[in-house]
Amino acid sequence: PDKIEVFFDDKIGLSYVFLNEKRLYLKRSWREKEIKNFYCAMQTEQDINSPHQYFSENFYVENGDIVVDVGTAEGNFSLSIVEKAKKIYLFEIDKEWIEALNATFEPWKEKVEIINKFVSRENDEKNITLDTLFRNKEQINFLKIDVDGVEADLLKGCEEILNIKKSIKIALCTYHKQNDEKDFTLLLKNKGFNVSTSKGYIIFYTNMDEMREPYLRKGLIRANK
């Protein structure tokens, strides 16, 4: 972390770091030490050999893709492919992250849309389903999902998208809950997807008292058809 250089944008009062020569803005409340530790962990998480790496040699966003990033947080995933994508939809509900995302994606605001709602199985003031949002929009080409354990609810709200016959890729986190990898793999295979896992395993240790076998969980699955 000590090797990471943090900059400050006086015009908007936000700190930022550089990610592939692009500014990545961070939360207003964070101090330099927090930013350095976060950025170091973020880069480790997206190492090519990490269990949390979304892409592989044969699984990636292609030029002109319509990309949906659910659980955007700081936006490093979408920033890494922003110049390739035709359109990106960012879903985030944390107000501090939304402020930072608006600053990060300002240079590409014509093709990046930030949506302040939970993606779920229902539609109301705070929630929306992907089926509802994209029913009359363009076809999604790449869907990234990392929503802290409510992935199953999200999938129930995008049956139409999962059933589509056209090509689509899904990077889906599976380490938050015990049986997610098994359940989601079965679900997607039944809908005609080819499914593989990322390298290695994650020990999910947010609450050590509740840990049960298997202790090693796959970080995410990559599905495509």
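The values are calculated or read from the model by the stated rules, or taken from the named source; none is laboratory data. All values reported here derive from a predicted model rather than from experimental measurement. Neighbour counts run over all protein chains shown; Cβ positions are idealised from the backbone, glycine included. These area figures cover heavy atoms from the full protein model, side chains too; ligands, DNA and RNA do not enter into them. Shrake-Rupley method; radii C 1.70, N 1.55, O 1.52, S 1.80 Å.
The table for this structure:
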quantity	calculated
Histogram of C-alpha separations across the stretch 113-222, 10 Å bin width, %	13, 44, 31, 11, 1
Antiparallel bridges, percent of DSSP beta bridges restricted to the stretch 1-156 (to nearest 5)	35 percent
Theoretical gain in end-to-end length, K117 to R28 [0.36 nm per residue, Cα-Cα removed]	30.0 nm
Cβ-placed point charges (K, R +1; D, E -1), dipole of the chain about Cα centre in debye, nearest 20	680 debye
Nearest-0.05 FRET efficiency for D209 and D9, computed from C-beta distance (R0 41 Å)	0.45
Mean Cβ count within 10 Å, highest first, over the residues of peptides 17-23, 150-156, 172-178	172-178, 150-156, 17-23
Straight-distance crosslink candidates among lysines, where the alpha carbon sits under 24 Å from K11 and sequence neighbours closer than 8 are dropped	K22, K27, K33, K36, K95, K109, K111
Extension gain, N190 back to R135 (0.36 nm per residue minus Cα-Cα distance, nm)	17.6 nm
The stretch 167-212 shape via C-alpha gyration tensor axes, a/c threshold 1.5	prolate
Student exercise, the stretch 44-135 dipole from Lys, Arg, Asp, Glu Cβ charges, in Debye to nearest 20	320 debye
Whole-percent carbon and sulfur share, accessible surface of the stretch 27-158, 1.4 Å	45 percent
1.4 Å probe accessible area per residue over the stretch 57-164, in Å²	46 Å²
Correct option for semi-axes √(5λ) of the Cα gyration tensor in Å [calculated from the coordinates] among [x] 38, 21, 17; [y] 30, 28, 21; [z] 27, 22, 17	[z]
Rounded to 5, percent antiparallel among DSSP beta bridges of the stretch 73-218	15 percent
Computed [θ] at 222 nm, deg cm²/dmol, the chain (DSSP H ≥ 4; -39,500 (n - 2.57); rounded to nearest 500)	-7000 deg cm²/dmol
